[in-house]
Amino acid sequence: MNNLKHIAIIMDGNGRWAKKQGFLKRIVGHEEGAKRVRELTIHASNMGLKYLTLYAFSTENWKRSDAEVSFLMKLMDKYLKNELKLFLDNNVRFDTIGDLSKLPKNLQERISYTKEKTAHFDGLTQVLAVNYGSKDEIIRAVNKAIKEGKEVDEKSFGQFLDTKNIDPVDILIRTGGDKRVSNYLLWQIAYSELFFTDTLWPDFTAEKLQSVIDKFQNIDRRFGGVK
Ligand code: IPE
Ligand code: IPE
Ligand code: MG
């Protein structure tokens, strides 16, 4: 059995899901996708996972229409408001990675409030990647180190990243059929097992997550060594 602490997911395919279902608006897919976030969080929490890191909005997603960007910001706010009870009932800590300073003020406040209310929990940590870009994170980390006048090594550099104190990613999943990482967790996936599925995010159920985990358990993880 492999040790499994951290699953990261690129939740892709919401727009295509909506189109496939015959909806005219892509946003219906985002709404359905939020339901899977809930379902997978419960599953991850029940199985004793430590970190579930979900790509919700990338530094590149600002290129989308104003209407879609503003819908996504509102959806994240609504999601956090609704999910607080789920976090409280399931011992789930909430955290984020990404540059929050560019988000609408009300969303920034909702995020800090949710973090505060769940800070003492020690079960699953759900990490939402919001206005997250791995290159942006690395550059911010480098500048922090320079400001502190510090030379870094692999271990100490990790402490300047948004993911400080979070274990490395064991499993990276991308739904939606594309095989790319889209500026997600470049440092943190150095030794992750990668899973790409054609399933669109709103169809990615807890059962499908479990089947990825089952496959992961049969992988020989050598980390450069010999067994
Ligand atoms: C992922 O689904 C959600 C976000 C990037 C916010 P998309 O909106 O990218 O859906 P597709 O990939 O266009 O189908
Ligand atoms: C990646 O999906 C970002 C999120 C899931 C938040 P995108 O749909 O933005 O990625 P690309 O544009 O296909 O690479
Ligand atoms: Mg996409």
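Could you check region 60-90 and list, in sequence order, the residues that are within 16 Å of ligand 1 (Cβ to nearest atom), farther than 16 Å from Lys25 by Cβ and either in contact with a His (Cβ under 9 Å, 6 or more places away or on another chain) or among the charged types (D, E, K, R) (or both)?
Across region 60-90, the qualifying residues are Glu60, Lys63, Asp77, Lys78.
Yes or no: region 170-178 includes at least one residue that is open to solvent by 30 Å² or more (accessible area, probe 1.4 Å) and either away from ligand 2 (no atom under 14 Å from the Cβ) or part of a strand (DSSP E or B) (or both).
no
Here are Lys85, Lys78, Lys19: which of them is under 16 Å from Leu128 (Cα atoms), part of a helix (DSSP H, G or I) and either of a type in the set (Lys, Arg) or modelled with pLDDT under 95 (or both)?
That would be Lys78, the only listed residue that is under 16 Å from Leu128 (Cα atoms), part of a helix (DSSP H, G or I) and either of a type in the set (Lys, Arg) or modelled with pLDDT under 95 (or both).
Output the residues belonging to region 213-227 that are in a helix (DSSP H, G or I) and either within 12 Å of Ser192 (Cβ to Cβ) or over 23 Å from the mean Cα position of the chain (by Cα) (or both).
Quick first cut of region 213-227, residues in a helix (DSSP H, G or I) only: 213-217.
Listed by number, the list holds a single entry, Phe216.
Of the numbered conditions (1) out of contact with any His (no Cβ under 8 Å at 6 or more places or on another chain); (2) open to solvent by less than 20 Å² (accessible area, probe 1.4 Å); (3) within 17 Å of Thr205 (Cα to Cα); (4) away from ligand 3 (no atom under 15 Å from the Cβ), Thr96 satisfies every one except a single condition; which is it?
Of everything listed in (1) out of contact with any His (no Cβ under 8 Å at 6 or more places or on another chain); (2) open to solvent by less than 20 Å² (accessible area, probe 1.4 Å); (3) within 17 Å of Thr205 (Cα to Cα); (4) away from ligand 3 (no atom under 15 Å from the Cβ), Thr96 misses just condition (3).
Regarding Glu83, is this residue of a type in the set (Asp, Glu) and open to solvent by less than 50 Å² (accessible area, probe 1.4 Å)?
Details: of a type in the set (Asp, Glu): yes; open to solvent by less than 50 Å² (accessible area, probe 1.4 Å): yes.
Criteria met by Glu83.
Residues being assigned to a helix (DSSP H, G or I), under 22 Å from Asn106 (Cβ atoms) and open to solvent by 30 Å² or more (accessible area, probe 1.4 Å): count how many of those fall in region 62-75.
So the count comes out to 6.
Under 6 Å between Cβ atoms, at least 6 apart or on separate chains: pull out the pairs that start in region 1-18 with a residue that is open to solvent by less than 20 Å² (accessible area, probe 1.4 Å) and end on any residue that is more than 16 Å from ligand 2 (Cβ to nearest atom) and assigned to a loop (DSSP other than H, G, I, E, B).
His6/Asp167; His6/Asp170
In region 49-59, how many residues are part of a strand (DSSP E or B) and either among the charged types (D, E, K, R) or near ligand 1 (Cβ under 8 Å from one of its atoms) (or both)?
4
The values are calculated or read from the model by the stated rules, or taken from the named source; none is laboratory data. Keep in mind that what you see is a predicted model, and the values were worked out from it rather than measured. Note that we place each Cβ from the backbone using ideal geometry, even for glycine, and neighbour counts take in every protein chain shown. Ligands, DNA and RNA are stripped out before the accessible areas are found, and what is left, the full protein with its side chains, is counted by its heavy atoms. Shrake-Rupley method; radii C 1.70, N 1.55, O 1.52, S 1.80 Å.
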